Amino acid sequence: QVQLVESGGGLVQAGGSLRLSCAASRSIFNANIMAWYRQAPGNEREFVAEITRGGRTHYTDSVTGRFTISRDNAKNTVYLQMNSLKPEDTAVYYCKLRVNFQYDYWGQGTQVTVSS
């Protein structure tokens, strides 16, 4: 019963930066987890980063030190700042919201393409 809309994807050269946004149709203040996943062609969807209601963050090893997840509860939005992008970061990035420790909601995804 919540819609998530990702934006901010695009084409960028290796070493560049992008900032993804995920806007929710309702308050995210009580969401257990807000997270980003990604899926490259032919690959399974993989976890990228998450932030809990209490503000704790976790990243997959391949993006640690380059990506930063944050949220703005007043704007019902979660962000993914991506720096030092690599071609292997190319994928469709999806936003996920988890509520009541059980129910997951997904956005439609936004394409990120990193050229060599």
Of all residues in the range 49-65 being among the small types (Gly, Ala, Ser) and either without any contact (Cβ under 8 Å) to a residue 24 or more places away in the chain or not in a strand (DSSP E or B) (or both), the one that is farthest from PHE29 (Cα to Cα): SER62
Being crowded, with 20+ Cβ neighbours inside 10 Å and under 15 Å from TYR94 (Cα atoms) is the requirement here; does ARG38 meet it? yes
Output the residues belonging to the range 80-93 that are surrounded by 21 or more Cβ atoms within 10 Å (Cβ to Cβ) and either assigned to a strand (DSSP E or B) or among the hydrophobic types (A, V, I, L, M, F, W, C) (or both). LEU80, MET82, LEU85, ALA91, TYR93
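Yes/no per residue for (1) surrounded by 15 or more Cβ atoms within 10 Å (Cβ to Cβ); (2) within 17 Å of TYR105 (Cβ to Cβ):
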residue	(1), (2)
SER25	no, yes
ILE28	yes, yes
ASN43	no, no
TYR59	yes, no
Number of positions in the range 32-48 that are assigned to a strand (DSSP E or B), under 19 Å from PRO87 (Cβ atoms) and aliphatic (A, V, I, L, M): 1
Subset of the range 52-74 [more than 18 Å from LEU18 (Cβ to Cβ) and at pLDDT 95 or above]: ARG56, THR57, HIS58, ASP61
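The values are calculated or read from the model by the stated rules, or taken from the named source; none is laboratory data. Treat the numbers as computed from the prediction; the structure is a model and nothing was measured. So basically every Cβ, Gly included, is an ideal-geometry build from the backbone, and we count neighbours across all protein chains shown.
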